[in-house]
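**Student:** First the structure, then my questions, so here it is.
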């Protein structure tokens with residue numbers, strides 16, 4: 001398994017969109033729009049690969065000079081529990097730290113809270129609904 005930062009608009013990025021759509025959007029009856037994808041040009045795009053097969057991905061979006069927001073973390077259900085998500089998260093944290101960021105925050109689906117807590121993230125605030133799904137803001141100091 002290899003982890004790397006990928007570039008917007010590449011074949012790897014198109015593979016990332018397909019994976020995110022399959023795991024995060026399609027089950028909710030949602031799609032991506034061009035404006036939303038265009039905004040990702042400024043983001044840090046991270047993916048895990050086995051040869052040319054994408055195993056999982058996430059996005060880091062700048063919030064301010066100290067904070068990045070983790071978004072669109074996706075690992076197929078049949079690959080969850082195999083350490084792929086944990087490796088992606090660790091890679092993302094190290095990359096953020098190397099770029100001088102001090103904190104990562106996210107809107108975590110309630111079904112993923114246990115995963116993020118095991119990685120040292122903490123709930124910050126009350127549950128809220130986003131895309132019809134319960135979420136919590138979670139944060140971690142790097």
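**Student:** Could you let me know the centre-to-centre spacing of region 81-142 and region 1-42, using Cα atoms, in angstrom?
**Tutor:** After rounding, the separation between the Cα centres reads 18 Å.
**Student:** Please compute P(r) over all alpha-carbon pairs of region 54-113, binned at 5 Å starting from zero, and give each bin as a whole-number percent.
**Tutor:** Percent of pairs per bin, in order: 4, 18, 28, 25, 15, 7, 2, 0.
**Student:** Here is a further query. Report, for the chain, the % of DSSP beta bridges that are antiparallel, rounded to 5.
**Tutor:** Values: 29 of 33 bridges.
DSSP beta bridges in the chain are roughly 90 percent antiparallel.
**Student:** In what order do 28, 60 fall by count of nearby beta-carbon atoms within 10 Å, going from fewest to most? Mind showing how you got there, number by number?
**Tutor:** Working: 28 10, 60 23.
In increasing order of surrounding Cβ atoms, one gets 28, 60.
**Student:** How long are the three semi-axes of the equivalent ellipsoid for the chain, computed from the Cα gyration tensor as the root of 5 times each eigenvalue, in whole Å, largest first?
**Tutor:** Values: eigenvalues 85, 66, 53 Å².
After diagonalising the Cα gyration tensor, the semi-axes are 21, 18, 16 Å.
**Student:** Ranking 90, 48 by Cβ neighbours within 10 Å, fewest first, what do you get? All intermediate terms of the calculation are to be shown ahead of the outcome.
**Tutor:** Details: 90 13, 48 22.
So the ranking, lowest neighbour count to highest, is 90, 48.
**Student:** Additional query: Report the full-extension gain for the segment residue 86 to residue 17: residue separation times 0.36 nm, less the Cα-Cα distance, to one decimal in nm. Mind showing how you got there, number by number?
**Tutor:** Numbers: separation 69, 0.36 × 69 = 24.84 nm, distance 2.02 nm.
Once the chain is fully extended between residue 86 and residue 17, it gains 22.8 nm.
**Student:** Continuing with this model, one more query. With each run of n ≥ 4 DSSP H residues scored as -39500 (n - 2.57), what mean residue ellipticity at 222 nm is computed for the chain after dividing by its residue count and rounding to the nearest 500 deg cm²/dmol?
**Tutor:** Calculated mean residue ellipticity at 222 nm is -7000 deg cm²/dmol.
**Student:** May I pose another question? What percent does the relative contact order of the chain come to when contacts are Cα pairs within less than 8 Å and at least six residues apart?
**Tutor:** Numbers: 219 pairs, mean separation 27.0, N = 142.
For the chain, the relative contact order is 19 percent.
**Student:** At a 10 angstrom cut-off on C-beta neighbours, averaged per residue, how do the peptides 100-107, 75-82 rank from highest to lowest?
**Tutor:** Values: 100-107: 17.0, 75-82: 12.9.
Order by mean packing, descending: 100-107, 75-82.
Read-outs: derived from the displayed coordinates by stated rules, not from any lab. This one's a predicted model, so the numbers in the text were calculated from it and none came from an experiment. All Cβ positions, even for glycine, are placed from backbone atoms using ideal geometry, and neighbour counts span all protein chains on display.
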